[in-house]
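Some notes on the structure that comes next.
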Amino acid sequence: MSQFFQIHPENPQARLVREAVDIIRAGGVVVYPTDSAYALGCHIGDKSALDRIRRIRKLDARHNFTLVCRDLSEIASYAKVDNAAYRLLKHSTPGPYTFILRATSEVPKRLMHPKRKTVGLRVPENPIALALLADLGEPLMSVTLIMPGEEYPLIDPYDIRQVLEHDVDLVIDGGYCGMEATTVVDLADEVPMVLRAGKGDTAPFEN
């Protein structure tokens, strides 16, 4: 049975944030709000938690997970960022974007694209997500909470709890946070490529 925390969407309670991070560090899978939709998250190094998320979402080994980071400097620890990419990232973070970049050796191999050695990274503009990341001190391994066969993410924390109460360790109710996926931009090569148009404005990445 999952726990259920109601965390204030603008002023997250520090005690509940700490308890949520303790659950993540102990190998838990959590549902948490972002600036685009609710997401599933777990500790970056936890293979069993990763496998649980794969089962919940019915994802194959080719699916790219995203590392959700606190800020731009944390992205630079996990991805190779040249000057042109840095300028685009600085303009667009925090915000509803996922960036595909070449991974550094800090990224576990199971999170990289097997051929391109890339990884997805993002910095969300959501106080609860940022509070979790600040307390955790490292990125969250994450995917959007879209159930198998569904087109859109789950948006109501009470519905999420009902659907996933035996599959996750914690559901964080952070209020309504939307149902539009992030805009995905590939910055791994010289020319940026928009792979998915979502909540984030695509104009900065189009020539």
Under 19 Å between alpha carbons, and skipping anything fewer than 8 positions from K90 in its own chain: which lysines qualify? K80, K199
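Report the gain in length on full extension from H91 to Q13: 0.36 nm times residue separation, minus Cα-Cα distance, nm rounded to one decimal.
Details: separation 78, 0.36 × 78 = 28.08 nm, distance 2.94 nm.
In short, 25.1 nm is gained.
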Cα-based Kirkwood hydrodynamic radius, the chain, one decimal, Å: 16.9 Å
Exposure-ranked with fewest Cβ neighbours within 10 Å first, R18, R62 stand as R62, R18
For segment 104-163 and segment 1-69, compute the distance between their C-alpha centroids and round to whole Å. 7 Å
To the nearest 10 degrees, how steeply does helix 127-136 sit against the main Cα axis of the chain, on a 0 to 90 scale? 90 degrees
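With each run of n ≥ 4 DSSP H residues scored as -39500 (n - 2.57), what mean residue ellipticity at 222 nm is computed for the chain after dividing by its residue count and rounding to the nearest 500 deg cm²/dmol? Can you show the working numbers first?
Values: 6 runs with 58 residues, N = 207.
The helix-only estimate for the chain comes to -8000 deg cm²/dmol at 222 nm.
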Nearest 10 degrees, 0 to 90: helix 14-25 Cα axis against the chain principal axis: 70 degrees
Could you work out which residue, out of M112, M147, M179, moves most in a Gaussian network model of the chain, that is, has the largest mean-square fluctuation with Cα springs under 10 Å? M147
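Can you tell me the FRET efficiency between Y152 and D60 if r is taken as the Cβ-Cβ distance and R0 is 30 Å, rounded to the nearest 0.05?
On the way: r = 21 Å, r/R0 = 0.69.
Step by step, r from the Cβ atoms, then E = 0.90.
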Quick one: net charge of M1's neighbours, Cβ under 12 Å, K/R +1, D/E -1? -2
In straight Cα distance, which lysines are under 23 Å from K47, not counting same-chain residues fewer than 8 positions off? K58, K109, K115, K117
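Let me check against my output: what whole-number percent is the relative contact order of the chain, with C-alpha pairs under 8 Å and at least 6 apart? Walk me through the intermediate numbers first.
Numbers: 440 pairs, mean separation 69.3, N = 207.
Taking the mean separation of contacting Cα pairs over the length of the chain, I get 33 percent.
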Given labels modelled 7 Å from the Cα in the Cβ direction, how far is it in nm from E125 to F4? 3.1 nm
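Fewest to most neighbouring Cβ within 10 Å: what's the order for S92, S36?
In order of increasing Cβ crowding within 10 Å: S92, S36.
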Quick one: H8, H43, H113, fewest Cβ neighbours within 10 Å first, how do they rank? H8, H113, H43
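Counting DSSP beta bridges with both partners in the chain, what percentage is antiparallel, nearest 5? Walk me through the numbers on the way to the answer.
On the way: 21 of 34 bridges.
Roughly 60 percent of the beta bridges in the chain run antiparallel, per DSSP.
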For the Cα atoms of the chain, what angle does the longest principal axis make with the long axis of helix 47-57, in degrees from 0 to 90, nearest 10? 80 degrees
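Values quoted throughout were computed directly from the atomic coordinates according to the rules given, and no laboratory measurement underlies them. Keep in mind the model is a prediction, meaning the values are calculated, not measured. Heads up, the Cβs are rebuilt from the backbone with ideal geometry, glycines too, and the neighbour counts pull from every protein chain shown.
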